[in-house]
Amino acid sequence: MRFDLDSYREITDSLVRNKSRSLLTGFGVFWGIFMLLFLMGGGAGLKQLVSKNFEGFATNTTIMFSSETTKPWQGFKRGRYWNLNYTDVERMKQMVPELETVTPVISSWRQTAVNGTNSVNANVKCVKADYSKIEEPKLRFGRFINESDEAQERKVCVIGRRIYEGIFPEGGDPCGSFIKVGSVYYQVIGVDYNSGNMSINGSADQAVVIPLSLGQKIYHRGTNIDLLCVTGRSGVRMTSLEDRMRQILARSHNFDPTDKQAVFMINTEQMFALMDNLFTGLNFLIWLVGLGTILAGIIGVSNIMMVTVKERTTEIGIRRAIGATPRDILSQIILESIALTLAAGSLGIVFAVQMLRLTQSIVNHIPDMSAQFQIDFWTAIIAALLLTLLGVIAGLAPASRAMSIKPVDAMREE
Amino acid sequence: MLIELRDVNKTYNNGQPLHVLKGINLNIDKGEFVSIMGASGSGKSTLLNILGILDNYDTGEYYIDGRLIKGLSEKQAADYRNHLIGFIFQSFNLIGFKTAVENVELSLFYQGVSRSKRHALAMQYLDKLGLADWASHYPNEMSGGQKQRVAIARALITNPKIILADEPTGALDSKTSEEVMQLLGRLNREEGVTIIVVTHESGVANCTNKIVHIKDGVIGQIEDNRQHSASVFGTSTIMK
């Protein structure tokens, strides 16, 4: 095919000549690419929204807490209550070398944090410095609990976002000021803006975090601890350690090592895997629906081109008679098909991006919600390339029919 | 010899084999104005298709200007059609959504001539046929005679060796038919274009200088008609 301005005019002419037909045909492709991209962007946004709940949590964490035994063991009756204690921390560290962090938590619920005349409900979490490896704090101000705080039993605290907003309504850096929780005054050393919803022991934004050693004394807990949080070294699957950890606890606390309900183990790995599977499934569905719709659109294009070629038998015959080679005809039909799919598809891409933008601005207006509902640039480019390819495929059957038109047909079709 | 047909045979095999051309021998020289005349079913259309490289023949030989036209690829055939032959059809066969000048340009487009050059050339040919004012009109805005003149311009523009006209007056009234035939005659006289007209009308054939009668797939009489006295209806009219 010779390319100059007229080659393009040939293509646009024949598409514009049947405006409504081109529009209706193009709509199939337009809608297909719109569906695919919109669903992809929407899926990505949804994933971000859901992931927000898990934010700040190490992905290979297991959290353990004690519960009543359900099996009798060595003379003990079932239904006996036992407690995790501080020795379990060292025991775990020594006997399970695959663990990177082992850290205890004790907590006191339904407390009130007071600053001047402002007060707000709070949960007190008593942790060691390495708790930050389990639930990563997003510090807006100050610092997290450190080892000196722990060793010297300093009366310091890190407060969550809602506590900060509740008792420091004027904003600003609260570090250094004192707040009262229960009957004790603590100096604020940091503000944690972590907003994940998965925090064990209540959400991080309602927590007042104090050093463990201090909490043990204030709440008269002795050596008992509420939770034992462990993370595995990289590459370690926490699921595979669960039995061993249960056995260690069973031996030192005298319960049946096979009694699964005596120790509750919450494994984030499983939760993340669940979520991943969910979104893999969702993505599969998105692709299935999106590609299916595009395919339907492409078949529509192919079909209409077929009709067009049939209609234009005489015209194509004339072209052949005055010297068009089969290749000229082939490229003309295929280029028409590409032009139609690409034009309709590009509109679809633009429309999808605009709709995603709208969705994003609506969602981000809702408090505590923020997510990117956009497809990335390269996805759009790949979509455009895919459209070109599909245009070629759609044009193949009609073009081969057009090529088989003999010049004599032009005269026969009178 | 510009055109040389040697014992050309053609059989259609659509169910019942139909032997349409039974050994055609024909020579046409450069600058001749020839009509091939026959009733419908005589094989004249098939002969025209073969002459125009639109169709293949089974046996024999066909030379244009010494070039054997046989077993060509589609591309080669298209190339020869484009460069050697100009077609004029009964129903004009202009492309409806293109203007007169675009229709004339089309064969140059397929030759790969540049846009401005082919436009200028097309305008020149339209002017020559008295249609310069109609260049930007669409075929459906023109009369039959005008359309046929556009088609003639399109046939001439590649400067072909042969003009093949298939019933060029078939869709025209007698007055316009007369004009078109005179135009073809003038082109032949003044420019030396070789023109072959296929027709079943004796009046049309009478306008040409040589009449080749074809009947049942065989060439019959070849009349020298330079006196234009072949028509039984007189020399000056085309009967409709």
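Points worth noting:
- Under 23 Å from the Cα of A:LYS71 - lysines, other chains or at least 8 residues apart: A:LYS260
- Computed accessible area, B:SER91, all protein chains, 1.4 angstrom probe, square angstrom: 40
- Amide H contacts of B:VAL197 (H built 1.01 Å from N, under 5 Å, at least 5 apart or other chain): B:VAL34, B:SER35, B:ILE36, B:ALA165
- In a DSSP loop and with at most 14 other Cβ atoms within 10 Å, the trypsin sites (Lys or Arg not before Pro) in the stretch B:1-76 are B:LYS30, B:LYS70.
- More than 42 angstrom apart: percent of Cα pairs within the protein assembly as shown: 55
- Pairwise FRET efficiency - A:LEU23 versus B:HIS200, Cβ, R0 = 45 Å, nearest 0.05: 0.45
- Per-residue [θ]222 nm for chain A (sum of -39500 (n - 2.57) over DSSP H runs n ≥ 4, rounded to 500): -17500 deg cm²/dmol
- Top positive-direction residue, dipole computed over the stretch A:224-339 with Cβ charges, set A:GLY300, A:SER234, A:ASN224: A:GLY300
- Counted charge near A:ILE210, where neighbours are those whose Cβ lies closer than 13 Å (Asp, Glu -1; Lys, Arg +1): +3
- With all protein chains modelled, accessible area of A:TRP287 [1.4 Å, Å²]: 110
- 20 Å Cα-Cα reach of A:LYS77 towards aspartates and glutamates, excluding residues that sit fewer than 8 places from it in its own chain: A:GLU68, A:ASP256, A:ASP259
- Rounded to the nearest 20, the Cβ-based charge dipole of the protein assembly as shown about its Cα centre (Lys and Arg +1, Asp and Glu -1) stands at 1260 debye.
- Among B:HIS200, B:HIS137, the order of accessible area from largest down is B:HIS200, B:HIS137, computed with a 1.4 Å probe on protein heavy atoms.
- Long-range tail of P(r) for chain B (Cα pairs > 26 Å, %): 38
- Counting only alpha carbon atoms, the long axis of helix A:242-253 and the longest principal axis of chain A meet at about 10°.
- For the set B:HIS119, A:HIS253, solvent exposure ranked by accessible area (probe 1.4 Å, protein chains only) runs largest to smallest as B:HIS119, A:HIS253.
- Simple label model, 7 Å out from Cα along Cβ direction - B:SER136 to A:MET271, nm: 7.4
- Local net charge near B:TYR80, Cβ-Cβ under 12 Å (Lys/Arg +1, Asp/Glu -1): +2
- Whether the stretch A:83-253 is rounded, prolate or oblate, judged on the alpha carbon gyration tensor where a/c under 1.5 counts as rounded: prolate
- Across the stretch A:60-74, computed HN-Hα scalar couplings (Karplus, 6.51 cos²θ - 1.76 cosθ + 1.60, θ = phi - 60°) run 10, 9, 10, 10, 10, 8, 7, 8, 5, 6, 10, 10, x, 7, 6 Hz from first to last residue, x flagging Gly and Pro.
- Helix A:268-311 and the long axis of chain A differ in direction by around 10°, with both axes built from C-alpha atoms.
- With 25 Å as the limit, the listed pairs A:LYS133/A:LYS155; A:LYS310/B:LYS10; B:LYS175/B:LYS215; A:LYS52/A:LYS138; B:LYS75/B:LYS147; B:LYS10/B:LYS75 have A:LYS310/B:LYS10; B:LYS175/B:LYS215; B:LYS75/B:LYS147 beyond it between alpha carbons.
- When A:ARG320, A:ARG9 are compared by accessible surface with a 1.4 Å probe, the order from highest to lowest is A:ARG9, A:ARG320.
- The angle separating the long axis of helix A:86-95 from the principal Cα axis of greatest extent in chain A is about 60 degrees.
- Lys, Arg +1 and Asp, Glu -1 on Cβ, resulting dipole of the stretch A:92-134 about Cα centre, debye, nearest 20: 160
- Under the Karplus curve 6.51 cos²θ - 1.76 cosθ + 1.60, θ = phi - 60°, whole-Hz ³J(HN,Hα) for the stretch A:11-26, x wherever Gly or Pro sits: 5, 5, 3, 6, 6, 6, 4, 10, 4, 5, 5, 4, 4, 5, 5, x
- Volume per residue for the stretch A:225-267 equals 81 cubic angstrom (convex hull of Cα atoms).
- Positive minus negative residues near A:VAL191 (Lys, Arg vs Asp, Glu; Cβ under 12 Å): +1
- Within a straight-line Cα-Cα reach of under 16 Å, B:LYS161 can be paired with the following lysines, leaving aside sequence neighbours fewer than 8 residues apart in one chain: B:LYS30.
- Paramagnetic reach from A:HIS220 in the stretch A:98-137 [backbone N under 16 Å; point 7 Å along Cα→Cβ]: A:108-109
- Residue with peak Gaussian network fluctuation, chain B [Cα springs, cutoff 10 Å], from B:THR194, B:THR11, B:THR46: B:THR11
- Ordering B:GLN221, B:SER114, B:PHE89 by the projection of their Cα atoms onto the charge dipole of chain B, which places +1 on the Cβ of Lys and Arg and -1 on the Cβ of Asp and Glu, puts B:SER114 at the extreme positive end.
- Unit charges on C-beta of K, R, D, E only; dipole of chain B, Debye: 300
- Between A:PHE377, A:PHE178, A:PHE168, the GNM of chain A built on Cα springs shorter than 10 angstrom shows A:PHE377 fluctuating the most.
- The stretch B:1-78 versus the stretch B:104-156: alpha-carbon centroid distance in Å: 28
- Kirkwood analysis of the Cα pair distances in the stretch B:126-240 returns a hydrodynamic radius of 15.0 Å.
- Here the spin labels are modelled as points 7 Å beyond Cα on the Cα-Cβ line, and at A:LEU49 and A:LYS310 they lie 4.7 nm apart.
- Rg/Rh, computed from the Cα trace of the stretch A:212-368 with Rh as the Kirkwood radius, has the value 1.39.
The values are calculated or read from the model by the stated rules, or taken from the named source; none is laboratory data. Remember, it's a predicted structure, so these values are computed and weren't measured experimentally. Every residue, glycine as well, gets a Cβ built from its backbone with ideal geometry; the counts of neighbours run over all protein chains shown. SASA here: full protein model, heavy atoms, side chains in, ligands and nucleic acids out. Shrake-Rupley method; radii C 1.70, N 1.55, O 1.52, S 1.80 Å.
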